[in-house]
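The values are calculated or read from the model by the stated rules, or taken from the named source; none is laboratory data. It should be emphasised that the depicted structure is a prediction, and the values quoted were computed from it without experimental measurement. Using ideal geometry, Cβ is built from the backbone for each residue, glycine included, and neighbour counts are taken over all protein chains shown. Keep in mind that these areas ignore ligands, DNA and RNA; they rest on the heavy atoms of the full protein, side chains included. Shrake-Rupley method; radii C 1.70, N 1.55, O 1.52, S 1.80 Å.
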Number of protein chains: 2
Amino acid sequence: MDTPGAPRHEQISDWLRARIEQGQYEPNDKLPSENDLCEQFDVSRITVRRALQTLETEGHLYRRQGLGSFVQDARLHQGLAYLTDFVQDMEQRGIAPSCTVVHRAPEPASPDVAAFLGVEPETTVVRIDRVRQANADPVAFDQTWLPPTYAELLADSPLTEQTIFQVLEHAYAIPVVKGECRIGATQADEDVAAHLHLAPGAALLLMERVSFAEDQSCIFYQTRYYRADRMSFNLHLARDAGTPAGGDGALPVREFESVLRGSAE
Amino acid sequence: MDTPGAPRHEQISDWLRARIEQGQYEPNDKLPSENDLCEQFDVSRITVRRALQTLETEGHLYRRQGLGSFVQDARLHQGLAYLTDFVQDMEQRGIAPSCTVVHRAPEPASPDVAAFLGVEPETTVVRIDRVRQANADPVAFDQTWLPPTYAELLADSPLTEQTIFQVLEHAYAIPVVKGECRIGATQADEDVAAHLHLAPGAALLLMERVSFAEDQSCIFYQTRYYRADRMSFNLHLARDAGTPAGGDGALPVREFESVLRGSAE
DNA sequence: GTGCGTTACTTGTTATAACCTGTAGCCCTT
DNA sequence: AAGGGCTACAGGTTATAACAAGTAACGCAC
């Protein structure tokens, strides 16, 4: 975990995080004191504190004045739900995801697409249509519109093995920092039905996504159609100590996961 | 907002947070620079930075090296995502929700329902079918199965004005503490289509819900069908300072909201 | 006019240093 | 033995200072 270019405080927090996540400490174990870490890494206390603060906001540790810093119980720091990517979803449950690019060409932006991407209508954007398969069985079809700048960056990527996110983040160090996502339902038109081996009119789970980079520029607009008989989204809702009661039944989302249903169903 | 005992950095972050929340800045407005704030409050830069970091992790602002600190769009700064109730959703946007009970009678539990409710199959449960309207226009239809114990408690409630959650929580002090929720899509059968004024086969957003009380007993199992042309769910995803990068594009869900689309669409 | 470099201003990182506050253990007094 | 105070050590707050790095705008040279 030594990344020479990274700031010292980041190296320290990475080092500590790795040890905590590998379970080298028990929950509520006392971590080395700030001064110990200062000596160990030969940095000033402000740098160590910066590292500890990162881990504190991440929920990996808690600090008590006069006592020290302690490892947070891992089960407790799941405060946030994550919406994962198709490929991650599949890989996590051991299903081989594959992807077929069925269309990839520039086209003038429609008013809708232009609005999402933040470009002028009729600007040339790149549309990529892909069919997503789980175990070689089509599960989803999506259309992605990219503004010229990002389309350029991705021009050499086949996008069959790596997601757009992965290419941007690993090859260009452009992280995705914000996104909007709308989940709806619709019926399959002839085109989508053919790609997904469905009858026209079949129910589809529709997901529209817009993603943004650090500079608030739009990375892509995407519409994705999931076969409703194969995919659904699960939400786990739970009120815990941190959430006050009396909310008329509104529960915070603790987990968000997409679910692939077996063909047998 | 002057609390003499509090640390200076806290006073500064309180001061700034108040101004941001009161809408004295537009989203993405540039805040005073760190040096400006140093002079204004007569503190060192480290103190100002400590205050800004607090607000950054809270999601009130974002910072860009070389540019400045900017007000984060207010919609994005909620640590947890909540899945709200139909009635709450409507009321929050000033739409009068109404509810018509179209069926309410005991019936023997089917194997599926029995499994969800944790009772023996063929146990007598109560089914309640309701049509949900927004401005007197049907938006959703749901079927709710209640186990005998909870059905008893709700026997005297018409359920047209109050939700099941509200009755249990306010009249009996039984809070809902856990829930599961599946979001999918399906086509309208004749029965549902009639209730929602749709053609059979129309796309519906399907939400199945199971809710649990503190003693882990199941309160109800519900299937709800939303008109896909009127409702969708929005997710706001955002990575902030507390979330390490490199997650292959998996962003935490900051907000979850249901969206009612205007009839004009 | 275009292009490049300089400059001013921004946030990011880090060092040194001082003092405050909270905690626990130790020792001395009662 | 019980009590209180002293002390060492923990994190909390804050000042001063310097340099790095990213951005934008201005101006000069070509």
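Here are a few things to note about the model shown:
- Its relative contact order, with pairs defined as Cα atoms under 8 Å and 6+ residues apart, puts chain A at 13 percent.
- Total charge dipole magnitude, the protein assembly as shown, about the Cα centre, Cβ charges on Lys, Arg, Asp, Glu only, Debye to nearest 20: 640 debye
- In the range A:98-218, Cα pairs under 8 Å separated by at least six residues give a relative contact order of 21 percent.
- Here is the list for the range A:138-185: chymotrypsin sites (Phe, Trp or Tyr not before Pro) lying in DSSP coil, each with at most 14 other C-beta atoms within 10 angstrom of its C-beta, are A:Y172.
- Computed with a 1.4 Å probe over protein heavy atoms only, the accessible surface of the protein assembly as shown comes to 47 Å² per residue.
- Cα pair distances of the range A:155-201 binned at 10 Å [whole percent]: 21, 26, 33, 20, 1
- Positive end of the dipole of the range B:146-230 (Cβ unit charges, origin at the Cα centre): among B:L159, B:C218, B:H195, the Cα lying farthest that way belongs to B:H195.
- The GluC sites (Glu not before Pro) of the range B:128-210 that meet both conditions, a loop assignment by DSSP and at most 14 other Cβ atoms within 10 Å of the site Cβ, are B:E161.
- The range A:8-76: projected area of the alpha-carbon convex hull, averaged over directions, in nm²: 4.1 nm²
- Near A:K178, the amide H atoms lying under 5 Å from its own belong to A:F212, B:R239; only residues 5 or more places off or on other chains count, and H is placed 1.01 Å from N.
- Of all accessible heavy-atom area on the range B:86-233, the percent that carbon and sulfur account for (1.4 Å): 51 percent
- GNM result for chain A, Cα springs below 10 Å: residue of A:A193, A:A155, A:A185 fluctuating most strongly: A:A155
- Taken one residue at a time, the phi angles of the range B:127-144 give Karplus couplings (6.51, -1.76, 1.60, θ = phi - 60°) of 9, 10, 9, 9, 9, 9, 10, 10, 6, 6, 10, x, 10, 8, 10, 9, 10, 10 Hz. Gly and Pro are set to x.
- Summed side-chain charge close to B:F116 - residues other than B:F116 whose Cβ falls under 15 Å, Lys, Arg +1, Asp, Glu -1: -2
- Three-way shape call for chain A based on the alpha-carbon gyration tensor, with the a/c threshold at 1.5: prolate
- Placing a pseudo-label 7 Å from each Cα along the Cα-to-Cβ vector at A:V101 and A:S157 gives an inter-label distance of 1.1 nm.
- Phi to ³J(HN,Hα) by Karplus 6.51 cos²θ - 1.76 cosθ + 1.60 over the range A:48-53, Hz, x for Gly, Pro: 4, 5, 4, 5, 5, 5
- Label zone at A:N135, where the point sits 7 Å out along the Cα-to-Cβ direction: the range A:195-231 residues whose backbone N lies under 16 Å: A:229-231
- Scattering curve values for the protein assembly as shown, log₁₀ I(q)/I(0), Debye with Cα scatterers, q = 0.07, 0.09, 0.10 Å⁻¹: -0.47, -0.78, -0.96
- Around the amide H of A:L83, modelled in the peptide plane, lie the amide H atoms of B:L251, B:V253, all under 5 Å away and 5 or more residues distant in sequence or on another chain.
- Threshold 40 Å² - residues in the range A:171-205 whose accessible area is reduced by that much or more when the chain is no longer isolated, probe 1.4 Å: A:V176, A:V177, A:K178, A:G179, A:E180, A:C181, A:R182, A:I183, A:A185, A:Q187, A:A203
- Label-point spacing for A:S33 across the identical copies (point 7 Å from Cα in the Cβ direction), in nm and ascending order: 4.0.
- Accessible surface buried by the B/A pair amounts to about 5100 Å², both sides summed, 1.4 Å probe.
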